[in-house]
Amino acid sequence: MTITTHRWRAFALLAVAFFVTIADLAIVNVALPTIGRELRFSESNLQWVVTAYGLTFGGFLLLGGRAADLLGRRRIFMIGLAVFTAASLGCALATNDWSLIALRGVQGLGAAIILPAALSIVMNIFAEGAERNKALGLWGAVGASGATFGVLAGGLLTRYAGWEYIFFLNVPIGAVALALTRRVVPESRLATERKRYDPLGAVSVTGGLLLLVYAISNAPNVGWGTTRTISLLVASIVLLVAFVAIERIVQSPLMPLGIFRLKTLAGANAVGFLLGAGFFAFIFVGTLYMQQVLGYSALQTGFAWLATSLTSVAFAGVSQSLVTRGSPKLVMAMGMALIGAGLLWTTQAGHGHYWSSLFGPFFVTGLGTAFAFIPVSIAALAGVAEHEAGLASGLLNTSQQLGGAIGVAIASTVAAAHLKALSHQGETASAALAGGFQWALWVCGATALLAIPVTFLLVRSDELAGALEAATVSEPAVDPAAA
């Protein structure tokens, strides 16, 4: 078996693990009413089935990337996979609200360990150039389709098997992946005589991110201007400022600030943040809109999202080809423009029908994700040194997950505020709901479009060109080795 075949076998296993963790961000959404009834959740606690996962997912990504670089990427990947799989089994067996919430948090921790380790392995088994771009293109397509697949799978499993099976599904997948990892995934780590972990940096950045995501996620319920929300935001800012100060003085920082000298990396993370904020909030708002305004069942809602997910997968190859042969910067801008256009088009749906009002914007949005996720993934890692691969991958995922958490919180606040205002004006409940969701979708669309000027201002064509030029240099060396 050739070296190339071994690489792609390893990639396939890593991609499956990545797909499952991304799908779990959305898979519970359509099952929430059923979970709430059967486990007797209060309305205020039900949101934590989703939020607990996002909190630990977004908060521990950087720490997971650093641990992968120092302790061994395959080893850390396996630890994360074991934690995620065990927590999934625990969620399926949960008998009360607080046990499910706690185990969802552990699931998010497992995902935060898996993602940066997996992407860092991909970076190390593929040399920079055409083959890595192809791998990252496929990786981007997996990420783009994972969330919408989660909504579909959640609807199917809730309808025909029971909500527990949205978690049981992860157990055999995780077990098989664990059994195969040592056989097909190579080990790699940062070569260093002494392992330094920067504990103060880890505590400050993880604590700051956790408090930030917690405050933003909880603000729609307790109010943005309350002492609780303001105190949490101030505390998170203090911790994040402390983190920057620590990273400037420690010998082996968790996140060397010099990495941001790569302007394309900084720009890709900014676009990734806006991409997460716009797209993941769209999934959240769109799901509620279809169920609460149009009266769709969980199953109907899941199938409705196929227009987005299948389009994204179908055009992933086209996107990868354009990125490799043309300009990743232009493809990225085009993708974000399509996402923004699709979201703004959705605001006109009102009380319309799926084929006349939703299919078109869902298709355009899916097309946009194919052209956005792939170049963002490539740009965030182009030119990154081997010893910073785990850091760069963790940083990119952190940007997207924090963007998603903040986007959902802001969209929820906008929808709730306009729902309340329209209700006071005498609108019917259905009209008020539709109006609230419409305004939330306007915000989602504007957020996505904001990424276009960010792309042109921060992403540098010359840095991206280096990765593309490497294709012609690296391919002659790779192919003979593979043979």
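The values are calculated or read from the model by the stated rules, or taken from the named source; none is laboratory data. Worth saying up front: this structure is predicted, and the values here are computed from it rather than measured. Counting neighbours? That spans all protein chains shown, and the Cβs are built from the backbone with ideal geometry, glycine included.
So here's what we get for this one:
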{"item": "Qualifying residue in the stretch 63-83 (condition: without any contact (Cβ under 8 Å) to a residue 24 or more places away in the chain and hydrophobic (A, V, I, L, M, F, W, C))", "result": "no"}
{"item": "Evaluation of CYS91 against (1) within 20 Å of the chain's Cα centre (by Cα); (2) surrounded by 24 or more Cβ atoms within 10 Å (Cβ to Cβ) (one fails), failing number", "result": "(1)"}
{"item": "Residue in the stretch 112-126 that is over 24 Å from PHE167 (Cα atoms), of a type outside the set (A, V, I, L, M, F, W, C), buried (at least 24 other Cβ atoms within 10 Å of the Cβ) and over 17 Å from the mean Cα position of the chain (by Cα) present", "result": "no"}
{"item": "Pairs, first touching a residue at least 60 places away in the same chain (Cβ under 8 Å) in the stretch 416-430, second assigned to a helix (DSSP H, G or I), C-beta under 7 Å, six or more apart", "result": "ALA416/PRO220; ALA416/GLY436"}
{"item": "Selection status of MET290, part of a helix (DSSP H, G or I), surrounded by 19 or more Cβ atoms within 10 Å (Cβ to Cβ) and out of contact with any strand residue (DSSP E or B) (no Cβ under 8 Å at 6 or more places or on another chain)", "result": "yes"}
{"item": "Filter result (over 23 Å from VAL28 (Cα atoms), hydrophobic (A, V, I, L, M, F, W, C) and at pLDDT 90 or above) within the stretch 245-273", "result": "ALA245, ILE246, ALA268, ALA270, VAL271"}
{"item": "Of residues in the stretch 379-405 being among the hydrophobic types (A, V, I, L, M, F, W, C) and either outside any helix (DSSP H, G or I) or modelled with pLDDT of 80 or more (or both), the one surrounded by the most Cβ atoms within 10 Å (Cβ to Cβ)", "result": "ALA379"}
{"item": "Selected residue (criterion: farthest from GLY80 (Cα to Cα)) from residues of the stretch 177-199 that are modelled with pLDDT of 80 or more and surrounded by fewer than 11 Cβ atoms within 10 Å (Cβ to Cβ)", "result": "ARG183"}
{"item": "Count of residues meeting criterion [among the hydrophobic types (A, V, I, L, M, F, W, C) and without any contact (Cβ under 8 Å) to a residue 24 or more places away in the chain] in the stretch 15-43", "result": "1"}
{"item": "Matching option when the condition is at positive phi and in contact (Cβ under 8 Å) with a residue 12 or more places away in the chain, among GLY342, GLY335, GLY350", "result": "GLY350"}
{"item": "Qualifying residue in the stretch 218-233 (condition: without any contact (Cβ under 8 Å) to a residue 12 or more places away in the chain, outside the structural domain of GLY383 (by TED's automatic domain parsing) and touching a Ser or Thr at 6+ places or on another chain (Cβ under 7 Å))", "result": "yes"}
{"item": "Single unsatisfied condition, THR206 versus (1) without any contact (Cβ under 8 Å) to a residue 60 or more places away in the chain; (2) part of a helix (DSSP H, G or I)", "result": "(1)"}
{"item": "Test: residue in the stretch 69-78 that is touching a Gly at 6+ places or on another chain (Cβ under 9 Å), under 28 Å from LEU46 (Cβ atoms) and either part of a helix (DSSP H, G or I) or of a type in the set (Val, Ile, Thr) (or both)", "result": "no"}
{"item": "Residue match in the stretch 337-357 (condition: among the aliphatic types (A, V, I, L, M), assigned by TED's automatic domain parsing to the domain that holds ALA316 and assigned to a loop (DSSP other than H, G, I, E, B))", "result": "yes"}
{"item": "Test result for VAL106, of a type in the set (A, V, I, L, M), assigned by TED's automatic domain parsing to the domain that holds PHE60, over 27 Å from PHE362 (Cβ atoms) and part of a helix (DSSP H, G or I)", "result": "yes"}
{"item": "Residue selected from the stretch 440-480 under the condition buried (at least 22 other Cβ atoms within 10 Å of the Cβ) and over 22 Å from the mean Cα position of the chain (by Cα), by the criterion modelled with the lowest pLDDT", "result": "ALA467"}
